Ligand code: F6P
Ligand code: MG
C-alpha cells in the first residue's frame, strides 16, 4: 500500500466504526443520562433547587447531543471556554479542510476516532455548563464497581507481587525476566476490563489473572516482551547508590478498576526490582471513554488498596502512596490525552508533552484507544510495520500493550491476518486477542 490509508469511519456501513457510532455511542449516552437522573436527589441535597435545574439542563444538552449523533448532524464547535476549547475548534476546522467543502464534518461521515473523542468532550461540556454539578464524574460508579468486583483478583495479584519482593535481591536475571514477563501479561490482559467496549456493562476480573496466563499465550499475536526487557537492561546506568537501573519508565494509563491495579503492580515491580528508578503515570484530565483513569480514580484506587483488610493489598497501597510521596512515582494529566489527535501530531500540537516523553527510557502505552492513536486509526494493511504506522512518532523507546477492540492491527506476518479472519471473523474487535508491540526510534 502506498501513502497513508484513510481513517476508519462510520461511513463504511457495517464496519465496527459504523456499529459503534450507530449503536454503542447512543447506548453510552443513554446510560449517562440515566446516571445523572438517578443522582438527582444527591444534587438536590447538595445544591437545592439549583442542583435540580442543573440536572435538567445537563440532561437536555445530552439528549440533544444524542439526537445530533443519531441523525448525523454536523459536528458543532464547543462553547464552554475551557483552556482546550480553541484547540478542539481548530481541530474541527482542520477536519473540515481535510474533508473538503462538499459536506460538513459529521458523525457518520468523518473519522471515527475524531467523532468518538468529541462525544466524550461534549459530555464533559454538558456538565461543565451547569456549574454546581460540573465536577460530577458520570462514569464514576462503573469504575469503582469494576475495582470492587475484582477484589479476589486484586488480592491474588498483590500477594504474588509481595512474594516476589520478599526475595527480590536473591533473584538472578532469568527468574526476574520470568516475573517481568508475567506482570507485563497481567497488565496486558487487564486491558480486557474496559467499560466502553461493553457500553458500560459490568466488566471486572473475577478470577486470578495469573492462573490463565499460560492458556492465553496463543492469543498474543505479537509478543515483543524480550525487546522491552533488553531496552530496560540497556538503559541501565550506574547510580550513586551503586544500583544500576533505567532512569524512567512512563506508563500512559488506560482504564481504572482492575486494569489500573495491574499497572500499579507492574510499576511497583519495575521500581522494587531495580529495573527502573522512576515511574511517570499519565492519566486523563476529564472523564473519558467510560472507564479511563483520572487523577481522582488514581488516588481513590491507592486509598482503597491502603484501607483494605487484606494484608498484602494494604501493604501494596501503603507502598504506592510512599512512592508518590517520595517522588519515585508521579502522576500527570496533560490535556493532549483527551484530544482527538493521532500521536504523530504530538510533536507539532503538544510539543511540551513530546519533550516530556523524550525524557523517558521507555514509554508503555496501555490499551486500545492509545493503539488507535499510535497508528492514526487508519485502514492499514496488517503486514505494514508498526514503525510505518507510527508515522514518525517516537519520542522514546515505546511499547503498546493492547487487547484488540477496533479494526486495526499492524506488524503481523504475511497471511496471519487472513488466517485469523477465516478462523474468527471478529478477532480484531472481541478483546480476545492482544499484542505487546515494541518500537525503538533510535534503532530503525
Ligand atoms: O469504542 C471504541 C473504543 O476505542 C474501542 O476501540 C475500545 O473498545 C474502547 O473504545 C476503548 O478501549 P480501551 O479502554 O482499551 O482504550
Ligand atoms: Mg479505556
Restricting to region 355-404, give me the number of residues that are away from ligand 1 (no atom under 16 Å from the Cβ) and in a helix (DSSP H, G or I). 8
Filtering region 83-102 down to residues that are surrounded by fewer than 16 Cβ atoms within 10 Å (Cβ to Cβ) and touching a residue at least 60 places away in the same chain (Cβ under 8 Å) yields 83
Candidates 396, 360, 389, 406 - the one that is more than 21 Å from residue 221 (Cβ to Cβ) and either touching a helix residue (DSSP H, G or I) at 6+ places or on another chain (Cβ under 8 Å) or within 16 Å of ligand 2 (Cβ to nearest atom) (or both): 396
Against the condition modelled with pLDDT of 95 or more, more than 27 Å from residue 173 (Cβ to Cβ) and within 16 Å of ligand 2 (Cβ to nearest atom), how does residue 301 come out, does it pass? yes
Is at least one residue of region 263-286 within 13 Å of the chain's Cα centre (by Cα), within 15 Å of ligand 2 (Cβ to nearest atom), modelled with pLDDT of 95 or more and assigned to a helix (DSSP H, G or I)? yes
Of (1) more than 16 Å from ligand 1 (Cβ to nearest atom); (2) part of a helix (DSSP H, G or I); (3) over 30 Å from residue 125 (Cβ atoms), residue 302 satisfies all except one. Which? (3)
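Quick one: in region 321-354, of everything that is part of a loop (DSSP other than H, G, I, E, B) and touching a helix residue (DSSP H, G or I) at 6+ places or on another chain (Cβ under 9 Å), which residue is nearest to residue 251 (Cα to Cα)?
Quick first cut of region 321-354, residues part of a loop (DSSP other than H, G, I, E, B) only: 326-328, 333-334, 339-342, 350.
Next, only the ones that are touching a helix residue (DSSP H, G or I) at 6+ places or on another chain (Cβ under 9 Å) stay: 328, 333-334, 339-342, 350.
Numbers: 328: 13, 333: 12, 334: 13, 339: 18, 340: 19, 341: 19, 342: 18, 350: 18 Å.
Across region 321-354, the extreme among qualifying residues is 333.
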How many residues, within region 108-129, are part of a loop (DSSP other than H, G, I, E, B) and surrounded by fewer than 23 Cβ atoms within 10 Å (Cβ to Cβ)? 3
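Residue by residue, here is whether (1) outside any helix (DSSP H, G or I); (2) within 16 Å of ligand 1 (Cβ to nearest atom); (3) over 25 Å from the mean Cα position of the chain (by Cα) holds:
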residue	(1), (2), (3)
103	yes, no, yes
156	no, no, no
163	no, no, yes
187	no, yes, no
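The values are calculated or read from the model by the stated rules, or taken from the named source; none is laboratory data. Just so we're clear, the structure is a prediction, and the values are computed from it rather than from any experiment. FYI the Cβ positions are ideal-geometry reconstructions off the backbone, even for glycines, and counts take in every protein chain you see.
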